[in-house]
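> Would you mind keeping the following structure in view while I ask a few things?
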Amino acid sequence: MKDLSKALLVPPGSRIKLASIDPSDTCGYDKEAAAGHLEKNLDRLSVLQYLLYAEAARSVLVVLQGIDAGGKDGAIRDVMTGLNPQGVKVTSFKVPEGAEKRHDYLWRIHRALPEFGQLGIFNRSHYEDVLVVRVHNLVPKDVWSQRYDQINAFERMLAENGTRVVKFLLYIDKEEQARRFNQRIEDKTKNWKFSTADVKEREYWDDYIAAYQDMLRRCSTHHAPWYVIPANKKWFRNLALSQILRAELENMNLKFPKPTADLSGIHFE
Ligand code: AMP
Ligand code: MG
């Protein structure tokens, strides 16, 4: 099995040109074999999550970013399906409102972090504050441009205090986005997903690509790496996410905690 953790990692300090990545790439996998691997990954993830929950001393934060229709919701549905809901916390970040607007941009992020023992999933994240905010000049450049360092410092603090941060950029191309938008229009069960705001955002495609590239260059670190997932093919997206997440959890060397009492000789009749 090709090591997707290595193949799709953004090496810290490297300058990735997204144009050099094929969003339809499957790294040599075919759909049929991938289904078997996915199933095994999901089984193992469920065991690893049980260990994380039992250990209750560390947490994992999965950050999902991607253009509209990039597959963030689908990825959460397909990859997290075998997990115990009690140990999972999913947060979707929208346009800041209310109290969120009256605090710094990391306030709502910090509040939403998973507890130790939990797997947190961010559907969008603090990275919106260097993406949509940058593309639409929602704050001046001298404000957003400082955020890369701030985010690195924040994520380092998390890493040093027990939270493993793993970040995925779901990368589709413009043609695939058009296909998915058309599906949302044609399929009655998907109409609700269609938003005219997404169509407007599509006009800013190149600006988003530039913003993604800077985000990857500045914020893929050893303590909180970015992975770029070719996501035109949903089956490959699911395989890659499950495999990398599995590897990340394996690396944590999770262990059951020691029993709180000496259990030898205890037996109930
Ligand atoms: P959706 O993911 O389709 O539910 O849309 C959520 C919307 O909220 C997207 O258009 C995001 O760009 C937007 N959003 C999320 N975070 C921020 C932020 N910090 N500032 C401005 N817009 C944001
Ligand atoms: Mg949307």
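> Can you say whether P11 is in a loop (DSSP other than H, G, I, E, B) and exposed (fewer than 15 other Cβ atoms within 10 Å of the Cβ), as far as the supplied structure shows?
Values: in a loop (DSSP other than H, G, I, E, B): yes; exposed (fewer than 15 other Cβ atoms within 10 Å of the Cβ): yes.
Yes; evaluated as a whole, the condition is true for this residue.
> Checking S195 against (1) surrounded by fewer than 17 Cβ atoms within 10 Å (Cβ to Cβ); (2) more than 12 Å from ligand 1 (Cβ to nearest atom), only one condition comes out false. Which one?
(2)
> Got at least one residue in region 220-236 being in contact with a Leu (Cβ under 6 Å, 6 or more places away or on another chain), of a type outside the set (F, W, Y), assigned to a strand (DSSP E or B) and open to solvent by less than 10 Å² (accessible area, probe 1.4 Å)?
There is at least one residue in region 220-236 that is in contact with a Leu (Cβ under 6 Å, 6 or more places away or on another chain), of a type outside the set (F, W, Y), assigned to a strand (DSSP E or B) and open to solvent by less than 10 Å² (accessible area, probe 1.4 Å).
> Let me ask something additional. When you scan region 115-130, do you find a residue that is within 11 Å of ligand 1 (Cβ to nearest atom) and in a loop (DSSP other than H, G, I, E, B), even just one?
yes
> Here's a follow-up. Exactly one of (1) assigned to a helix (DSSP H, G or I); (2) in contact (Cβ under 8 Å) with a residue 60 or more places away in the chain; (3) open to solvent by 20 Å² or more (accessible area, probe 1.4 Å) is unmet by Q150. Its number?
Of the numbered conditions (1) assigned to a helix (DSSP H, G or I); (2) in contact (Cβ under 8 Å) with a residue 60 or more places away in the chain; (3) open to solvent by 20 Å² or more (accessible area, probe 1.4 Å), the odd one out for Q150 is (2).
> Just one of (1) within 16 Å of ligand 1 (Cβ to nearest atom); (2) touching a helix residue (DSSP H, G or I) at 6+ places or on another chain (Cβ under 7 Å); (3) open to solvent by 40 Å² or more (accessible area, probe 1.4 Å) trips up R164, so point out which.
(1)
> Still on this structure, please answer the following. Taking region 107-131 as the region of interest, how many residues are within 16 Å of ligand 2 (Cβ to nearest atom) and either of a type outside the set (S, T, N, Q) or surrounded by fewer than 20 Cβ atoms within 10 Å (Cβ to Cβ) (or both)?
Matching residues across region 107-131 total 6.
> Could you list, in sequence order, the residues of region 72-89 that are within 16 Å of ligand 1 (Cβ to nearest atom) and either over 12 Å from F122 (Cβ atoms) or open to solvent by less than 20 Å² (accessible area, probe 1.4 Å) (or both)?
K72, D73, G74, A75, R77
> Is it the case that region 46-60 has a residue that's under 17 Å from the mean Cα position of the chain (by Cα) and assigned to a strand (DSSP E or B)?
There is at least one residue in region 46-60 that is under 17 Å from the mean Cα position of the chain (by Cα) and assigned to a strand (DSSP E or B).
> The conditions are (1) assigned to a loop (DSSP other than H, G, I, E, B); (2) within 16 Å of ligand 1 (Cβ to nearest atom); (3) at negative phi, and A69 fails exactly one of them. Which is it?
For A69, the exception is condition (3).
> For the structure I just gave you, tell me whether R134 is in a helix (DSSP H, G or I), surrounded by 20 or more Cβ atoms within 10 Å (Cβ to Cβ) and within 12 Å of ligand 1 (Cβ to nearest atom).
Yes, satisfied.
The values are calculated or read from the model by the stated rules, or taken from the named source; none is laboratory data. On a predicted model such as this, the values are computed, not experimentally measured, just so you know. Neighbour counts are summed over all protein chains in view; Cβ atoms, including those assigned to glycine, are modelled from backbone coordinates with ideal geometry. The protein model used for the area step is the full one, side chains on, heavy atoms only, and it has no ligands, DNA or RNA in it. Shrake-Rupley method; radii C 1.70, N 1.55, O 1.52, S 1.80 Å.
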